Amino acid sequence: MAQVPLAKKMSEEQSDSKRQSVHILNPHLEKMDEDILYHFALGTGTHDFPAMFSDVKFVCVGGSPSRMKSFAQYIAVELELGDSKTDIPNICAGTDRYAMYKVGPVLSVSHGMGIPSISIMLHELLKLLHYSKCSNVTIIRIGTSGGVGVEPGSVVITSQSVDATFKPQFEQMILGKTVVRNTELDPGLIQELVQCSKEINEFNTVIGNTMCTMDFYEAAVVCVTLLNRLEGDQISSPHDILVHHQQRPQKLVGFFIKKHFSNPGMSF
């Protein structure tokens, strides 16, 4: 099935009270008696999606299942919904494809490695949010990457993703036709994350482009660099330093989420 555009984050110009639902541009979904999200081991006929997920406001995705469980435990502490040892169940325990953890209004989901893996995950995730009647959802990828011209440990907030030809676009075949989509990310969300980094004031944060061949995101991307490829392609930092660096994106995004829920002037 063809992928569909991600619902955009509600712009600052819109009223805070306006509800923007996650809507899938596929009229056939409403005609289905049941939709089985096979790779999540979930289905509309076996699970009450609105009861399970309707309160979700933030979805954070990353490659590693263990890292996304770690993030779920981290955000539980940040939002005072548990401690670091809280055993958060894997909602997708019925499959070994992906892992999914829910902490209050935050969903933490692994996407594996490679284009097909993240594409399948996003396809089912968007349908899940649609069936759950979620609204005003912000989706952020957190992870690691190589760096070009930045010191290891720098956190890069992606402004646009570029393909192998340095074009800010994603090209795919849908029903026999070539579809090209823009890959610029939400500028308002980028600035909010930059401001959060300034308030944390613990590590270097820059806005930059991310090259990812045949890969594409329509929400924020926050990655920490593990090396400067202008100086070589081998990761030489000690393991404990790498572990410390990998915590930086989740710290930034966790601060961003916590700030939204602690500010009385912000609503969703």
Computed from every Cα-Cα pair in region 121-231, P(r) in 5 Å bins starting at 0 and rounded to whole percents is 2, 11, 18, 20, 20, 14, 9, 4, 1, 0
Descending packing, highest mean Cβ count within 10 Å first, for 56-68, 145-157, 164-176 is 56-68, 145-157, 164-176
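Where does each of 101-109, 119-127 land if you order them by average Cβ count within 10 Å, highest first?
Most protected by this proxy first, the peptides run 101-109, 119-127.
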One finds the C-alpha centres of region 128-162 and region 42-83 to be spaced, in Å, by 16 Å
Expected sort for 243-251, 197-205, 28-36 on mean C-beta neighbours within 10 Å, highest first, is 243-251, 197-205, 28-36
per DSSP, antiparallel bridges as share of beta bridges in the chain, % nearest 5, sits at 45 percent
Share of accessible surface on carbon and sulfur in region 88-182, whole %, 1.4 Å probe and ligands ignored, is 58 percent
P(r) over all Cα-Cα pairs of the chain, 10 Å bins from 0 to the longest distance, whole percent per bin, short to long, reads 6, 29, 38, 22, 5, 0
FRET efficiency (Glu34, Ile235; Cβ distance; R0 51 Å; to 0.05) is 0.65
Residue-normalised value, i.e. accessible area per residue, for the chain at 1.4 Å probe, in Å², stands at 51 Å²
Pairs over 19 Å Cα to Cα, from Lys69/Lys102; Lys85/Lys133; Lys31/Lys127; Lys133/Lys251; Lys167/Lys198; Lys69/Lys259, come to Lys85/Lys133; Lys133/Lys251; Lys167/Lys198; Lys69/Lys259
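The values are calculated or read from the model by the stated rules, or taken from the named source; none is laboratory data. It should be emphasised that the depicted structure is a prediction, and the values quoted were computed from it without experimental measurement. Neighbour counts run over all protein chains shown; Cβ positions are idealised from the backbone, glycine included. For the accessible areas, the whole protein counts, side chains as well, though only heavy atoms, and no ligand, DNA or RNA atoms are used. Shrake-Rupley method; radii C 1.70, N 1.55, O 1.52, S 1.80 Å.
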